[in-house]
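In what follows, a structure is listed as structure tokens, so that the remarks can point back to it.
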Amino acid sequence: MSGQSQSLRVFVSAKFSSTVMHHRRRTTALEVSSSYDNVSASILESGSIHAPLDEELILKNVSQEIHPYINGRCIYLVGMMGSGKTTVGKIMSQVLGYSFCDSDALVEEEVGGNSVADIFKQYGETFFRNKETEVLHKLSLMHRLVISTGGGAVTRPINWQYMHKGVSVWLDVPVEALAQRIAAVGTNSRPLLDYEAGDPYTRAFMRLSAIFEERGEAYVNANARVSLENIAIKLGKRDVSELSPTDIAIEALEQIEKFLKGEGGYYVEC
């Protein structure tokens with residue numbers, strides 16, 4: 001590993017208990033008690049969340065099934081801002097015994113601790129994107145990480161080359177749900193949203209719709225797609241706001257397993 005890559009700070013996650021219940025969500029219908037409706041948007045942003053016992057056991061079982069296939073490969077979570085990459089990523093890293101890192105946080109470290117919003121204001125988006133690419137290059141040399149990427153990381157083909165050295169997973173969340181989450185916590189930390197007029201929801205919805213129009217085709221380069229709408233249908237939920245982060249993490253692991261068993265063609269082993 002290069003001296004540069006050693007300088008990256010990685011946030012280590014604790015492992016779950018080794019207790020296992022042999023249930024698979026594909027065959028067993030379980031009622032889950034945690035939902036986005038019961039969790040504040042600020043907690044979703046920070047990732048400070050605990051799953052009910054039944055969800056935790058299912059998650060553990062799914063993670064054990066994926067272990068023979070994942071073999072230390074990094075997992076890159078991609079998706080729009082507010083899609084829950086940090087929250088879901090921390091859950092996945094814990095159950096896999098991986099470390100978790102946020103590429104935006106690593107860029108901030110590289111630029112003297114300035115926030116992403118400040119980097120955009122002081123240096124511009126191109127400067128930020130260049131730093132983001134440098135960080136993803138360094139991360140591509142590592143193993144056993146779950147990485148939450150910035151929403152715009154998908155716009156550069158070179159970034160996909162780095163991410164495809166691991167397994168990339170797209171968290172596909174409806175724009176309406178994204179706007180509700182972001183409006184609840186404010187747009188000040190989201191430099192691409194901070195210039196729209198109107199109330200917080202309308203401002204977020206209009207700008208997010210435009211951003212998705214620009215980036216939607218890029219997200220399909222991911223090795224696996226996790227559609228929150230599909231999960232809600234599968235679990236009999238009224239809409240995606242009733243899904244818990246652990247529901248999403250379970251689906252992400254299942255989709256990764258499918259890809260690693262041969263349903264994808266982008267993976268290049270490092």
_One residue is enough: does segment 225-238 have a residue meeting the conditions more than 17 Å from the chain's Cα centre (by Cα), modelled with pLDDT of 95 or more, open to solvent by less than 40 Å² (accessible area, probe 1.4 Å) and not charged (D, E, K, R)?_
yes
*Could you give me the residue pairs with C-beta distances under 7 Å whose first residue belongs to segment 78-90 and is open to solvent by 10 Å² or more (accessible area, probe 1.4 Å), whose second residue is in a strand (DSSP E or B) and of a type in the set (S, T, N, Q) wherever it lies, and which are 6+ apart or on separate chains?*
LYS85/SER148; THR86/SER148
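Is at least one residue of segment 111-132 closer than 23 Å to ALA252 by Cβ, hydrophobic (A, V, I, L, M, F, W, C) and surrounded by 15 or more Cβ atoms within 10 Å (Cβ to Cβ)?
No - not one qualifying residue is present in segment 111-132.
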_Filter result for the condition that a residue is farther than 16 Å from VAL88 by Cβ and in contact with a Phe, Trp or Tyr (Cβ under 9 Å, 6 or more places away or on another chain), over ALA218, ALA204, ALA222_ = ALA218
*Filtered residue count, segment 151-173, keeping only those that are out of contact with any strand residue (DSSP E or B) (no Cβ under 8 Å at 6 or more places or on another chain), part of a loop (DSSP other than H, G, I, E, B) and at pLDDT 95 or above*: 4
*Given the conditions (1) outside any helix (DSSP H, G or I); (2) closer than 30 Å to ARG73 by Cα, and given that GLU251 satisfies all but one, which numbered condition is not satisfied?*
(1)
*Taking segment 115-135 on its own, how many of its residues are under 21 Å from the mean Cα position of the chain (by Cα) and either more than 25 Å from GLN161 (Cβ to Cβ) or not in a helix (DSSP H, G or I) (or both)?*
2
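The values are calculated or read from the model by the stated rules, or taken from the named source; none is laboratory data. The model shown is predicted, which means the values in this text are computed figures rather than measured ones. Heads up, the Cβs are rebuilt from the backbone with ideal geometry, glycines too, and the neighbour counts pull from every protein chain shown. All accessible areas refer to the heavy atoms of the entire protein, side chains included, with ligands and DNA or RNA removed. Shrake-Rupley method; radii C 1.70, N 1.55, O 1.52, S 1.80 Å.
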